[in-house]
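Remarks on the structure that follows.
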Amino acid sequence: MRDDTLSGGFANPSVDAAHAFRAALSALSRPGHMETLAGAHAPAPVSPAAAALLLTLCDAETPIYLAPSHDTPAIRDWIAFHTGAPITPPETAHFALGRWPDLPGLEDFPTGTADYPDRSTTIIVELDRLTAEGARLTGPGIETEAHLSLPAIAPFRANRALFPLGLDFYFTCGASLAGLPRSTNVEDA
Amino acid sequence: MTAQDDQNEARKGWMSLLAKSPAQRLADLTGEITDWPGFEWLRPPEVGGVMVRGRTGGTGAPFNLGEMTVTRCALRLATGEVGHGYVQGRDKAHAERAALIDAMMQTERAEELRRAVLDPLETQLQAAKASRAARAAATKVDFFTMVRGED
């Protein structure tokens, strides 16, 4: 267990983190577009892409909520050693990590305030399958339309209705990463 | 006190010693050791700042004294021991030496290292502390009131 929790960081932290940040930025600015993100390894069941996102985006000032699927001592230790981020309940989380069925209702997470819409949670959803097919996405960053295998439709439509407040999502599966910002319209394909 | 606590106390002791050690002195002391074990980085050396906090009079409310530069790293020996190095300043080789010694102090070579590195370091730091305390003591003023014999 000790082995798992201390290893798995970026081999070349500044360069790898810059690449990962670029991938995270592209994923969110071009919803539905697939990025590849590797180089980090966290204890199972965290995917390499989610591990790289945590290493890149989280530090001691960004509390993380772990869904029951990901709330293990090994993952807590890994996050503590590599990022120093505190673990917190959904109401105060800046980031959340979990599988879709294990995440609490999206209304539990802060969606920002009118003055500070950025004070909302970014949710990293681990999926078993992530492909560019399924729900139809339109909106900023998409030329005509994009497709993404979302686990549901209705919660993301409700989230879009809150704009400019709302949650932002990353979907990860293995080393694949896709983003869904609050500004994207989601419809059935 | 359990054995675990004892171990933690001992480790705290040598980590504190290594953190405060002058970089050049540690390099000189470890220069004589040639057979370093192989290791892999868990966290390559990185430079950062930490906020040093103090308490007024040692017991009062905490306040921020100031920031200091710290270099840290973590590594794992081929045999599995994990060493952490936190040292003052921005000398990455210094942090690496501190982490290596921390890891090797958990192996059977602990005695050898204690004699070769930690004991001399400790003696030197104690001497420096004592001489500074002596210099300060020389300037100490004792206030007392003479019996004024007014009555």
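Laboratory data are not the source of any read-out in this text; all were calculated from the coordinates shown. In this text, all values refer to a predicted model and were calculated from it rather than measured experimentally. Here Cβ is always computed from backbone atoms with ideal geometry, including for glycine, and neighbour counts include all displayed protein chains.
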ask   = Highest mean first, what order results for A:164-176, B:90-102 on Cβ atoms within 10 Å?
value = B:90-102, A:164-176
note = For residue A:87, the residues 5 or more places away or on another chain with a placed amide H closer than 5 Å to its own amide H are A:64
ask   = Taking each residue of B:40-46 in turn, how many C-beta atoms of other protein chains fall within 10 Å of its C-beta, and what is the average?
value = 4
ask   = What whole-number value in cubic angstrom gives the convex hull volume per residue for the C-alpha atoms of the protein assembly as shown?
value = 220 Å³
query = Sorted from largest down, what three extents in whole angstroms do the Cα atoms of segment A:2-184 have along their principal axes?
reply = 46, 30, 29
request  = Compute the long axis of helix B:119-138 from its Cα atoms, compare it with the longest principal axis of the Cα atoms of chain B, and write down the angle in degrees, 0 to 90, nearest 10.
outcome  = 20 degrees
key: Ranked by how many other beta carbons lie within 10 Å on average, peptides B:19-31, A:147-159, A:105-117 from highest   = A:147-159, B:19-31, A:105-117
message = Can you work out the Karplus-derived ³J(HN,Hα) for every residue in segment A:161-176? Use 6.51 cos²θ - 1.76 cosθ + 1.60 with θ = phi - 60°, whole Hz, and x for glycine or proline.
response = 5, 7, 3, x, 7, x, 9, 10, 10, 10, 10, 10, 7, x, 9, 8
ask   = What nm value, rounded to one decimal, do you get for the distance between residue B:108 and residue A:80 when each label is placed 7 Å out toward the C-beta?
value = 3.2 nm
message = Using the crude model of +1 on Lys and Arg Cβ and -1 on Asp and Glu Cβ, and no other charge, please compute the dipole size for segment B:3-121 relative to its Cα centre, in debye to 20.
response = 540 debye
note = Long-range amide H partners of residue A:148, meaning residues 5 or more apart or on another chain whose placed amide H is closer than 5 Å, are A:133, A:134, A:135, A:137
key: For the protein assembly as shown, size of Cβ-based charge dipole, Lys and Arg +1, Asp and Glu -1, in debye   = 880 debye
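Using +1 on the beta carbon of Lys and Arg, -1 on that of Asp and Glu, and nothing else charged, what's the dipole of chain A about the Cα centre, debye to 20? Walk me through the numbers before you get to the answer.
Values: 11 positive and 22 negative charges, 39 e Å.
Rounded to the nearest 20 debye, it is 180 debye.
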inquiry  = Whole-Hz ³J(HN,Hα) for each residue in segment B:14-31, computed from phi via Karplus 6.51 cos²θ - 1.76 cosθ + 1.60 with θ = phi - 60°, x for glycine and proline: what do you get?
reply    = 6, 5, 5, 4, 5, 5, 8, 5, x, 4, 5, 5, 5, 5, 4, 5, 7, x
For segment B:91-97, Karplus couplings with θ = phi - 60° (6.51, -1.76, 1.60), whole Hz, Gly/Pro x = 8, 5, 5, 4, 5, 5, 4
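Starting with the highest mean, order A:92-104, B:2-14 by the number of other Cβ atoms within 10 Å, averaged over the residues of each peptide.
Numbers: A:92-104: 19.3, B:2-14: 11.0.
Result, highest mean Cβ count within 10 Å first: A:92-104, B:2-14.
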inquiry  = Which one, B:38, B:106, B:68, projects farthest toward the positive side of the charge dipole computed for chain B from Cβ point charges (K/R +1, D/E -1)?
reply    = B:68
Segment B:3-121: radius of gyration and largest Cα-Cα distance (Dmax), Å = 15.3, 48
remark   = For peptide A:85-98, the mean count of other chain Cβ atoms within 10 Å per residue Cβ is 0
